[in-house]
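**Student:** Provided herewith is a single structure, encoded as structure tokens, for subsequent inquiry.
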Amino acid sequence: MSEKTLTREEAYALLTRYNQSDSLIKHALTVEGVMRYFARKRGENEGKWGIIGLVHDLDYEQYPEQHCKKSEEILRENHWPEEYIRAVISHGWGICSDVEPQSELEKTLYAVDELTGLVVTTALVRPSKSVLDVEAKSVKKKWKDKRFAAGVDRSIIEKGAQMLGMEVTDLITDTIMGMREVADEIGLRGTM
């Protein structure tokens, strides 16, 4: 499958072949939206960044103990471009992969994957249940409470921001902006 023929529809079909969990599909759509936002902001290939964001956790539902490793196998079996495969594997750097993020795309995926979880949780505790009124300062306030979204590894977000040469607050703001663009698809329009 060459880059020209790799479509979002094919990526979504592959994602849903391996994932039925509503929360994992929403997470994939969230990361896709954020990656598209970052790509557009940086003048990069929005389609490519989005597709990689969409399939980054391809194997997680069925193979959580082999996370990233099974994604690599599945993507190779489906003849995905090496650049896409490497990016997907690199998001698990230091957790389940030894492939360090190198490109802007890889560093962005690494940085925003965990962060989206913190933003979602912040949105869901608001009266509006919406990402449309979440601001970086609200996320930063929740950040300090280690019991809040305890599964989110804040050190990965910090390391990702450093890799990108960004302040954490700016990374949070851009992540929120990307999530707002897909608020309906990810169920975070709330009562706005």
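Derivation of every value follows stated rules applied to the coordinates shown; laboratory data play no part. Computed from a predicted structure; not experimentally measured. Note that we place each Cβ from the backbone using ideal geometry, even for glycine, and neighbour counts take in every protein chain shown.
**Student:** For the chain, find the longest principal axis of its Cα atoms and tell me its angle to the long axis of helix 8-18, 0 to 90°, nearest 10.
**Tutor:** Orientation of helix 8-18: about 90 degrees from the principal axis.
**Student:** If the viscosity is 1.306 mPa s and the temperature 10 °C, what translational diffusion coefficient in µm²/s does Stokes-Einstein give for segment 109-150 when Rh comes from Kirkwood over Cα pairs?
**Tutor:** Rounded, D is 152 µm²/s.
**Student:** Given a Förster radius of 35 Å and the C-beta distance between Glu82 and Arg40 as r, what FRET efficiency does 1/(1 + (r/R0)^6) yield to the nearest 0.05?
**Tutor:** Calculated transfer efficiency: 0.90.
**Student:** Given charges of +1 on the Cβ of Lys and Arg and -1 on the Cβ of Asp and Glu, with all other atoms neutral, how large is the dipole of the chain about its Cα centre, in debye to the nearest 20?
**Tutor:** Dipole of the chain, to the nearest 20 debye: 840 debye.
**Student:** Add -39500 (n - 2.57) for each DSSP H run of 4 or more in the chain, then divide by its residues: what number comes out at 222 nm, to the nearest 500 deg cm²/dmol?
**Tutor:** Per the formula, -18500 deg cm²/dmol.
**Student:** Looking at Pro127, Met177, Leu58, which one has the Cα that reaches farthest to the positive end of the dipole of the chain (charges on Cβ: Lys, Arg +1; Asp, Glu -1)?
**Tutor:** Pro127
**Student:** What aspartates and glutamates sit close enough to Lys141 to cross-link, taking a C-alpha to C-alpha distance under 16 Å and skipping anything fewer than 8 places away on the same chain?
**Tutor:** Partners within reach: Asp133, Asp153, Glu158, Glu167, Asp170.
**Student:** For segment 8-180, state what percent of all Cα-Cα pairs lands in each successive 5 Å bin, counting from 0 Å until the bin that includes the largest distance.
**Tutor:** That works out to 1, 9, 18, 23, 21, 15, 8, 3, 0, 0, in percent per bin.
**Student:** Which order do His67, His79, His91 fall in if you start with the one that has the fewest other Cβ atoms within 10 Å?
**Tutor:** Fewest to most other Cβ atoms nearby, the residues stand as His79, His67, His91.
**Student:** Report, ordered by chain and residue number, the lysines lying within cross-link reach of Lys137, taken as a straight Cα distance under 17 Å and ignoring same-chain residues fewer than 8 apart.
**Tutor:** Leaving aside lysines fewer than 8 places away in the same chain, those within reach of Lys137 are Lys129, Lys146.
**Student:** I'd like the distance separating the alpha-carbon centroids of segment 122-192 and segment 23-90, in whole Å.
**Tutor:** For segment 122-192 versus segment 23-90, the Cα centre distance is 20 Å.
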